[in-house]
Amino acid sequence: MNQRIAIASDHAAVELKAALADHMRGLGHDVLDLGPEGADPVDYPDFGYAIAEAIASGRASRGVAICGSGIGISIAVNRHPAARAALVSEPLSARLAREHNDANVIAMGARLIGVTMAKECLDAFLATDFGGDRHLRRVDKLSNPSFAKEPA
């Protein structure tokens, strides 16, 4: 199933962003490239927030967030209650992020992951559906903290 996928990075990840955008287009997906276009220094929170807004507004169904480590941009994406970003470095984490956590954004670190592994993570993320059932209650609590209970 082809999807509209938002992608953004910081300056450290522009090359990986381009490679992953081309890969997604090759798979038939519509890519919403939110920038940046060049390697001039930028602030990763701006681009993380842009991905989260694209998800929240319905302009994209999923997102790909990349910075040098993947940590900063994933934190930025996760500030929005409509976004659930998972930082991954191998395909099993990408698959479980979708299946168990209904992650709608995958985050990766361009300085930590190669292009081939990043494509494998992305493929696993895009090919996996949310498992629902017992996971749904937990995922609901991520966006609605009032549903959470005090641990026993």
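The values are calculated or read from the model by the stated rules, or taken from the named source; none is laboratory data. Every value quoted in this text rests on a predicted model; they were computed, and no experiment measured them. Heads up, the Cβs are rebuilt from the backbone with ideal geometry, glycines too, and the neighbour counts pull from every protein chain shown.
Identify, from the list A12, A56, the residue that is farther than 22 Å from A124 by Cβ, touching a Lys or Arg at 6+ places or on another chain (Cβ under 9 Å) and aliphatic (A, V, I, L, M).
A12
Report, by residue number, each residue of region 75-97 that is surrounded by fewer than 23 Cβ atoms within 10 Å (Cβ to Cβ) and under 16 Å from I5 (Cα atoms).
Matches in region 75-97: A82, R84.
Looking for whichever is modelled with pLDDT under 95 and of a type outside the set (V, I, T) here; the options are A56, A82, A8. Which one fits?
A82
I want to confirm something. Restricting to region 51-69 and keeping residues that are small (G, A, S) and under 12 Å from the mean Cα position of the chain (by Cα), which single residue is nearest to A12 (Cα to Cα)?
A65
Answer yes or no as to whether R137 is of a type outside the set (D, E), at pLDDT below 95 and part of a helix (DSSP H, G or I).
Criteria met by R137.
Anything in region 59-85 that is assigned to a strand (DSSP E or B) and either farther than 13 Å from L126 by Cα or of a type in the set (V, I, T) (or both)? List them, or say none.
V64, A65, I66, C67, A85 - these are the residues of region 59-85 that are assigned to a strand (DSSP E or B) and either farther than 13 Å from L126 by Cα or of a type in the set (V, I, T) (or both).
Give the number of residues within region 1-44 that are under 17 Å from S74 (Cβ atoms) and either touching a residue at least 40 places away in the same chain (Cβ under 8 Å) or buried (at least 18 other Cβ atoms within 10 Å of the Cβ) (or both).
Qualifying residue count, region 1-44: 14.
Failed condition for A65, given (1) out of contact with any helix residue (DSSP H, G or I) (no Cβ under 7 Å at 6 or more places or on another chain); (2) modelled with pLDDT of 95 or more; (3) among the aliphatic types (A, V, I, L, M), with all others met?
Answer for A65: the failing condition is (1).
Out of G72, G114, G109, report the one residue that is crowded, with 22+ Cβ neighbours inside 10 Å, over 11 Å from the mean Cα position of the chain (by Cα) and modelled with pLDDT of 95 or more.
Sole residue among the options that is crowded, with 22+ Cβ neighbours inside 10 Å, over 11 Å from the mean Cα position of the chain (by Cα) and modelled with pLDDT of 95 or more: G109.
Can you find, within region 56-69, the residue that is surrounded by the fewest Cβ atoms within 10 Å (Cβ to Cβ) among those that are touching a strand residue (DSSP E or B) at 6+ places or on another chain (Cβ under 9 Å) and polar (S, T, N, Q)?
S61
Could you say which residue among M117, M108 is in contact (Cβ under 8 Å) with a residue 12 or more places away in the chain, in contact with a strand residue (DSSP E or B) (Cβ under 6 Å, 6 or more places away or on another chain) and of a type outside the set (S, T, N, Q)?
M108 is the lone residue from the list that is in contact (Cβ under 8 Å) with a residue 12 or more places away in the chain, in contact with a strand residue (DSSP E or B) (Cβ under 6 Å, 6 or more places away or on another chain) and of a type outside the set (S, T, N, Q).
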